[in-house]
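Input: a single structure, listed below in structure tokens.
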Amino acid sequence: MQCDSRKVVIVGLGNVGVTAAFTLLLSDSVDEMVLLSRSVDKAYGHKLDLEHGMPFLNPVTISATDDYAAVAGADVVVLTAGVGQKPGQTRLDLVDANKKIFEDIIPQLKPYVQNATILVVSNPVDILTYHATKLFDLPAGRVLGTGTMLDTARFRFHLSEFMDVNSRSIHAYILGEHGDSSFPVLSSANIGGQPLAEFPIYSEAKAIEAFEQAKTAAYKIIESKGATFYAIAVVIRQAIQSILHDQRSVLPVTSVLAKPYYDQSDVAISVPCVVGRNGVERVLYIPFSEKEQKQFAKSAVTIKEFC
């Protein structure tokens, strides 16, 4: 089911915000896009650059502004504003600076987002999703973060390299924090319904290696080229499409757990969720091994320490 309106606002025009805008433009996901930045000149330059490809694309109305009133009527507001991770930093090192940025912009957004779903991308995404949920005071599920969607995509890609199966056919999650305390859910991972551990060429050592590659990928990319933005832009597009088209896709996003999940609640943490028009429509309770339950609890405690 497609919504009547398809208006998306991107707040923050760093590498991630701009690449997300470009990816959305190519995917025919939106009818109207607002580029909201404190630098109107920069936003206007991006607007022109994007518009000049329009003769080869489906029409999209793009506006560039620093006026928060332009958010009114948005279906999805994407928060990418904040300082980025630098070589040698963890995502948790960004907490104080990016919380202050959110505390500045969210009160200005709040009057215009009554009917919008908020997608948090800025890091550390779990802590900022928790913080944004409290500041926006919207109905449950309407504020969510990209969580471990990218971690999971990386994991499935690296699993596919040694399993010799298309990554889209691998159903395996990385859950918990989008950070160093994340963990792979191997106990329920499968390929086409066949348990991963029963696949003929499966190796637990290689599966853990794939997880480590996924977990450390951001550090390597940032060290190499300064920032990650292509894959996360695809993740943003996927989440937005699930919301705008009410696809009810199951995605490992982060949102505040209102009910206990393996004894953890009142924490924004990634678990599989049904994502649709109203954001997180339902949280899926999937089986964890005893080891995975301990890893989940450790990840929740890590996040709570910063919330």
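So how far apart, in nm, are the two label points at Asp263 and Ser169 if each is 7 Å from Cα heading toward Cβ? Simple spin-label model gives 4.0 nm for this pair.
Since only Gly226, Phe211, Ala258 are under comparison, the one whose Cα sits farthest along the positive direction of the charge dipole of segment 206-271, derived from C-beta charges on Lys, Arg, Asp and Glu, is Gly226. Counting Cα-Cα pairs of segment 45-129 in 10 Å increments starting at 0 gives whole-percent bin shares of 15, 36, 32, 15, 1. Compute the acute angle (0 to 90°) between the alpha-carbon long axis of helix 40-51 and the principal axis of greatest extent of the alpha-carbon atoms of the chain; round to the nearest 10°. Its long axis makes an angle of about 80 degrees. Within the accessible area of segment 7-133, the carbon and sulfur atoms contribute 52%, probe 1.4 Å, all protein chains present.
Comparing Cα centroids, segment 165-190 and segment 12-76 end up 32 angstrom apart. Rounded to the nearest 20 debye, the dipole size of segment 143-275 about its Cα centre is 420 debye, using +1 on the Cβ of Lys and Arg and -1 on the Cβ of Asp and Glu. Remark: the chain carries a charge dipole of roughly 120 debye about the Cα centre, counting +1 on each Lys and Arg Cβ and -1 on each Asp and Glu Cβ. For Ile62, the residues whose modelled amide H falls within less than 5 Å of its own, excluding neighbours fewer than 5 places apart on the same chain, are Met33. Couplings 3J(HN,Hα) of segment 193-204, computed from phi: x, 7, x, 4, 5, 9, 5, x, 9, 5, 9, 4 Hz, in residue order, whole Hz [Karplus 6.51 cos²θ - 1.76 cosθ + 1.60, θ = phi - 60°; x for Gly and Pro]. The label point for Lys134 and the one for Glu305, both projected 7 Å from the Cα toward the Cβ, are 1.8 nm apart.
The gain in end-to-end length when the Glu161 to Leu284 segment is fully stretched comes to 41.5 nm, 0.36 nm per residue minus the alpha carbon separation.
Rounded to the nearest Hz, the phi-derived 3J(HN,Hα) couplings of segment 155-167 under the Karplus curve 6.51 cos²θ - 1.76 cosθ + 1.60 (θ = phi - 60°) are 4, 5, 4, 5, 5, 5, 5, 9, 7, 6, 9, 3, 4, where x marks glycine and proline. Taking only the C-alpha atoms of the chain, Rg followed by Dmax gives 18.8, 57 Å. Angle of helix 125-136 to the longest C-alpha principal axis of the chain, folded into 0 to 90 degrees and rounded to 10: 50°.
Surface composition of segment 162-285: carbon plus sulfur atoms contribute 49% of the solvent-accessible area (1.4 Å probe, protein chains only, all chains present). Once backbone amide H atoms are built at 1.01 Å from N, Ser249 has Val275 as its partners under 5 Å, excluding neighbours fewer than 5 places away on the same chain. Fraction of C-alpha pairs exceeding 15 angstrom in segment 205-256: 63 percent, rounded to a whole number. Once backbone amide H atoms are built at 1.01 Å from N, Arg282 has Val274 as its partners under 5 Å, excluding neighbours fewer than 5 places away on the same chain. A 1.4 Å probe run over the chain, with the rest of the protein chains in place, finds 44 Å² accessible per residue.
For the chain, the longest principal axis of the C-alpha atoms and the axis of helix 230-244 are separated by about 80°.
Relative to the 2.2 N^0.38 Å rule of thumb, segment 51-92 has a C-alpha radius of gyration ratio of 1.76.
Among the listed pairs Lys220/Lys294; Lys215/Lys298; Lys99/Lys294; Lys100/Lys304; Lys100/Lys294, which are separated by more than 23 Å between their Cα atoms?
Lys220/Lys294; Lys99/Lys294; Lys100/Lys294
Residues of segment 241-274 falling in the label zone of Gln293, defined by backbone nitrogen less than 13 Å from a point 7 Å along Cα to beta-carbon, are 261-264. Across segment 95-102, rounded Karplus estimates of 3J(HN,Hα) from the backbone phi angles (6.51 cos²θ - 1.76 cosθ + 1.60, θ = phi - 60°) give 3, 4, 5, 7, 5, 5, 5, 5 Hz, Gly and Pro being marked x.
The values are calculated or read from the model by the stated rules, or taken from the named source; none is laboratory data. Worth saying up front: this structure is predicted, and the values here are computed from it rather than measured. Here the Cβ is made from the backbone with ideal geometry for all residues, glycine too, and neighbour counts use every protein chain on show. Heavy atoms of the whole protein, side chains included, go into the accessibility calculation; ligands, DNA and RNA do not. Shrake-Rupley method; radii C 1.70, N 1.55, O 1.52, S 1.80 Å.
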